[in-house]
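Report on the structure given below.
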């Protein structure tokens with residue numbers, strides 16, 4: 001702390017700043033490159049993050065020149081359907097903020113209502129504080145934040161957690177950044193019931209659903225990461241699968257695809273086990289074939305319970 | 001009388017920035033931090049009251065500083081110390097401990113002599129407030 005003060009008096013604030021050089025040396029360029037390479041689709045999200053990074057970079061330069069003193073409000077809300085990459089982006093955001101020097105440690109603490117709200121009187125405050133202490137110096141990611149607020153139960157302890165959160169978000173802006181995530185419509189309702197949050201959150205980022213094409217690319221990259229691949233027929237089957245799965249309930253974008261691939265690997269293993277006659281080569285062990293995908297229940301109308309519920313509704 | 005114990009006992013009281021830096025060092029060593037307070041700073045009193053649970057998985061000193069702030073607010077006239085516990089196998093004990101708060105008016109440590117059999121003398125210390 002003292003060394004910084006001495007430096008400032010010796011050299012004085014810089015008179016010019018090379019933004020391009022700052023961009024490269026701060027490591028922001030690496031984070032954004034990683035974002036582009038690792039995340040498929042999500043063009044509006046990437047655009048918003050690039051804008052935010054530019055803003056923070058300029059803001060840092062302004063602070064070095066002594067044009068502004070205040071820490072900008074960095075709390076964010078990520079809205080979007082499940083499986084659209086909110087947690088992944090939050091992780092990258094933590095890295096970005098760390099490299100720009102807005103958070104000291106750059107770790108991500110991911111919590112839900114259960115981690116913050118207690119079950120009886122006097123249980124909530126210590127629990128919330130425990131989580132906040134762990135998140136200090138990093139990013140606190142609250143998934144499905146709207147569950148904190150339950151308007152139908154006025155004695156709900158969620159309100160207590162909300163009050164502590166608001167206080168810390170205001171007083172410890174240098175120490176931690178809060179990211180709240182959840183479905184767009186429920187988050188809107190949550191913010192309108194808790195105006196304190198809306199005014200303390202500067203960046204709202206909306207995550208769009210993936211298109212079928214993007215989901216197929218995601219599937220390919222997921223499989224490639226585990227040294228599996230799809231043959232031509234299996235790829236067509238997977239494209240059909242994605243189209244059908246989207247119509248059915250509990251569709252969770254990339255997460256649904258990951259689960260589908262896990263089950264396909266299961267079927268592939270049991271197919272190899274029962275069908276294989278001779279020795280298998282590496283290709284046979286890592287190729288997912290059409291029947292592995294087509295055997296899914298999605299092609300027969302989804303889960304039995306869902307079919308029953310729908311036929312009941314029709315009656 | 002200025003009572004000293006633990007690390008840095010020959011130094012003037014640490015400022016909050018210095019305390020924060022020491023805690024940062026402890027966290028880097030993967031030590032767990034506990035805050036304790038007492039009104040009886042006798043050197044033989046090893047049982048100080050715990051302020052909350054020890055903190056095991058913090059990443060930043062700010063979390064401890066918040067607890068210390070709360071403890072100071074609740075017990076402004078108590079001795080408060082920070083303990084750093086190393087859970088490494090074979091060590092499993094407090095590796096560092098230092099005082100971070102003391103009352104304005106401190107007690108004195110008084111030396112008491114007692115005669116014993118055969119003109120022997122026994123010594124003990126007690127706190128005088």
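The values are calculated or read from the model by the stated rules, or taken from the named source; none is laboratory data. Everything numeric in this text was worked out from a predicted model, so none of it was measured. Note that each Cβ is placed from the backbone with ideal geometry, even for glycine, and that neighbours are counted across all protein chains shown.
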Residues to consider are B:3, B:19; find the one that is touching a residue at least 60 places away in the same chain (Cβ under 8 Å), buried (at least 19 other Cβ atoms within 10 Å of the Cβ) and closer than 29 Å to residue B:108 by Cα.
B:19
If you go through A:258, A:271, A:267, the only one that is free of Cβ contacts under 8 Å to residues at least 24 places away in the same chain, touching a helix residue (DSSP H, G or I) at 6+ places or on another chain (Cβ under 7 Å) and assigned to a helix (DSSP H, G or I) is A:271
With the condition kept exactly as written, say whether any residue in the range A:281-289 is in contact with a helix residue (DSSP H, G or I) (Cβ under 7 Å, 6 or more places away or on another chain) and surrounded by 14 or more Cβ atoms within 10 Å (Cβ to Cβ).
yes
Go through the range A:105-218 and tell me which helices (runs of 4 or more DSSP H), entirely inside it, have 2 or more residues that are away from every other protein chain (no Cβ under 14 Å) and either surrounded by fewer than 17 Cβ atoms within 10 Å (Cβ to Cβ) or out of contact with any strand residue (DSSP E or B) (no Cβ under 6 Å at 6 or more places or on another chain) (or both).
A:113-116, A:158-171, A:184-193, A:195-200
Go over the candidates B:20, B:97 one by one and state the one that is touching a helix residue (DSSP H, G or I) at 6+ places or on another chain (Cβ under 7 Å), outside any loop (DSSP other than H, G, I, E, B) and modelled with pLDDT of 95 or more.
B:20
Conditions: (1) at pLDDT below 95; (2) assigned to a strand (DSSP E or B). Residue B:84 meets all but one. Number of the miss?
(1)
Which of the residues that make up the range B:64-93 are more than 14 Å from every other protein chain (Cβ to nearest Cβ) and closer than 17 Å to residue B:41 by Cβ?
B:72, B:75, B:76, B:77, B:78, B:79, B:80, B:81, B:82, B:83
The listed residue being closer than 23 Å to residue A:283 by Cβ and either surrounded by 16 or more Cβ atoms within 10 Å (Cβ to Cβ) or in contact with a strand residue (DSSP E or B) (Cβ under 8 Å, 6 or more places away or on another chain) (or both), out of A:226, A:268:
A:268
Within the range A:276-310, of all residues that are over 32 Å from the mean Cα position of the chain (by Cα), modelled with pLDDT of 85 or more and part of a helix (DSSP H, G or I), the one farthest from residue A:221 (Cα to Cα) is A:291
